[in-house]
Amino acid sequence: MGNKTLLFGFSCILLAYYTYMPIPENIEEPWKVRFIDILTKITTLTATLFEYTGLMNFEHLFFIITKTQYIEPISDENLTVIDTEFSNIPVRLYLPKRKSERQRPAVIYIHGGAFVTGSFKMRPYDFVNRMTANRLDAVVVAPDYRLAPQYQFPAAIEDCIIVIKSFLQDKVLEKYGVDPAHICISGDSSGGALAGIVIQLLQDDPEYRNKIKAQAMIYPGLQAVDTWMPSYQENENGPFLSRKLAIMLSMQYFTKEKELLNAILRNEHMPKGSRDLFKFVNWSHFLPEKYKKNHVYREPIIGKVNTLCSLLSDKRLSPLLVNDSQLQNLPLTYVITCEYDILRDDGLIYVTRLRNAGVPVTHDHIEDAIHGAISFSTAPMYLHSGLRIIDKYISWLQENL
Ligand SMILES: *[C@@H]1O[C@H](CO)[C@@H](O)[C@H](O)[C@H]1NC(C)=O
Ligand SMILES: *[C@@H]1O[C@H](CO)[C@@H](O)[C@H](O)[C@H]1NC(C)=O
Ligand SMILES: *[C@@H]1O[C@H](CO)[C@@H](O)[C@H](O)[C@H]1NC(C)=O
């Protein structure tokens, strides 16, 4: 069989797959979503092949693809945009040019990418941060923290904390004309998790307690305890982010043990003695009725893995694992969840738990959107639901920061 025949066969399979792949009915712009989904599946297949043949690690192909989206910092009539460093960590700064009588608010935006890819340099993140700076007349700081698997837990957290603490120094805030009482930490996906974690850590630190006015999380992943929640089941095969892909990428952040992968997929990864923590993520307590549907709660199995990964019980990996008295200290919160997202229930549970603890929370649920929508909001996809999410996020900041 010649190469052409093979290629033809392969194309036919793809086309058939593309045409018949079911996409949830009410999804917005289904053809675009289908396209994103199939590209992701092809990439996953290719990455698996590359890893199998020893060409590169699985996650590296995803890193290479996101890298094609990097753009230079470009200033315009309203904003000075520069790449610089805070204490040796790269950051992109968006500084409004307009003279201002008052001090400006500031947003620290932590990008997503499953801890293994992504950068503030990516076009969609540049777009969000630019628009935030413009519409809020705010200073925006976007850090590039170290990525896994080269730099594992807690490198990402450490870098974000260093950037935030550097920025919060009086003389730095003064230099950029920032009002210390109006600072928000935001992020999407794994960046949303990092935002949530660093705020919990800052609240535990007497020197930084209550210095952050607000947190905004866009479809965050907030726990690694239960990988069989309703949203994980309903969106097991995507669109876009399948359960297996999410787990394969993000586990690089905390382990190099490949055996753990199967345990996590079977929801049998939690170590002995961790059962006490399940009450913090028990979806049958915290999910609104509407999302429970016919799902029956099944407890994660404990003590099956020999490689005891105590990290899995760490609240710096799963910020949902803090108790109510710690939640009470958290600032004003904004959470966006999407219906077609395995991480949907992480966000929904955090909303319920924060509200139960008395934290003011605004929650927007996007019924017709997928995980990662804002990453497809710019060229070439211009995914409309991504633009809507960005608009909601910035509107919330305008009203609350
Ligand atoms: C600069 O700000 C003005 C006024 O808000 C706006 O109309 C214009 O589109 C902005 N320019 C850019 C490049 O964003
Ligand atoms: C989870 O919630 C269900 C239903 O409320 C309850 O029966 C179960 O014991 C809980 N399990 C854990 C481990 O918290
Ligand atoms: C909550 O957790 C913190 C930190 O682990 C601990 O100091 C505190 O006693 C806990 N509070 C309750 C009510 O369990």
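The values are calculated or read from the model by the stated rules, or taken from the named source; none is laboratory data. Since this is a predicted model, take the numbers as computed values, not measurements. Neighbour counts run over all protein chains shown; Cβ positions are idealised from the backbone, glycine included. The protein model used for the area step is the full one, side chains on, heavy atoms only, and it has no ligands, DNA or RNA in it. Shrake-Rupley method; radii C 1.70, N 1.55, O 1.52, S 1.80 Å.
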**Asked** Picking from L265, L194, which residue would you name as being surrounded by fewer than 24 Cβ atoms within 10 Å (Cβ to Cβ) and at pLDDT 95 or above?
**Response** L265
**Complete:** Here the qualifying pairs (Cβ atoms under 8 Å; residues six or more apart or on different chains; first in the range 322-339 and under 24 Å from L312 (Cα atoms); second more than 16 Å from ligand 2 (Cβ to nearest atom) and charged (D, E, K, R)) come out as V322/K315; Q326/D204; N329/R209; V335/D364; T337/R344; T337/D364
**First in the range 67-91 and aromatic (F, W, Y), second anywhere and part of a loop (DSSP other than H, G, I, E, B) and within 16 Å of ligand 2 (Cβ to nearest atom), Cβ under 8 Å, 6 or more apart** = none
**Prompt:** Would you call L312 surrounded by 22 or more Cβ atoms within 10 Å (Cβ to Cβ), within 29 Å of E257 (Cα to Cα) and modelled with pLDDT under 95?
**Reply:** yes
**Fill in**
T337 vs (1) crowded, with 21+ Cβ neighbours inside 10 Å; (2) assigned to a helix (DSSP H, G or I): all pass except (2)
**Message:** Just to be sure I understand, how many residues within the range 310-334 are under 17 Å from P271 (Cβ atoms), within 16 Å of ligand 2 (Cβ to nearest atom) and either in a loop (DSSP other than H, G, I, E, B) or of a type in the set (S, T, N, Q) (or both)?
**Reply:** 2
**Prompt:** (1) out of contact with any helix residue (DSSP H, G or I) (no Cβ under 7 Å at 6 or more places or on another chain); (2) surrounded by fewer than 18 Cβ atoms within 10 Å (Cβ to Cβ); (3) assigned to a loop (DSSP other than H, G, I, E, B): which one isn't true of K279, the others all being true?
**Reply:** (3)
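So which of Y151, Y176, Y145 ends up being of a type in the set (S, T, Y) and under 16 Å from the mean Cα position of the chain (by Cα)?
On the way: Y151 fails: under 16 Å from the mean Cα position of the chain (by Cα); Y176 fails: under 16 Å from the mean Cα position of the chain (by Cα).
The unique qualifying residue is Y145.
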**Members of the range 375-401 that are open to solvent by less than 10 Å² (accessible area, probe 1.4 Å) and in a helix (DSSP H, G or I)** = S385, G386, I389, I390, Y393, I394, L397
**Request:** Identify all residues within the range 291-309 that are more than 23 Å from C338 (Cα to Cα) and open to solvent by less than 80 Å² (accessible area, probe 1.4 Å); write none if there are none.
**Result:** E299, P300, I301, I302, G303, V305, T307, C309
**Prompt:** Among the residues of the range 86-106, is any part of a loop (DSSP other than H, G, I, E, B), more than 16 Å from ligand 1 (Cβ to nearest atom), exposed (fewer than 13 other Cβ atoms within 10 Å of the Cβ) and on the phi > 0 side of the Ramachandran plot?
**Reply:** yes
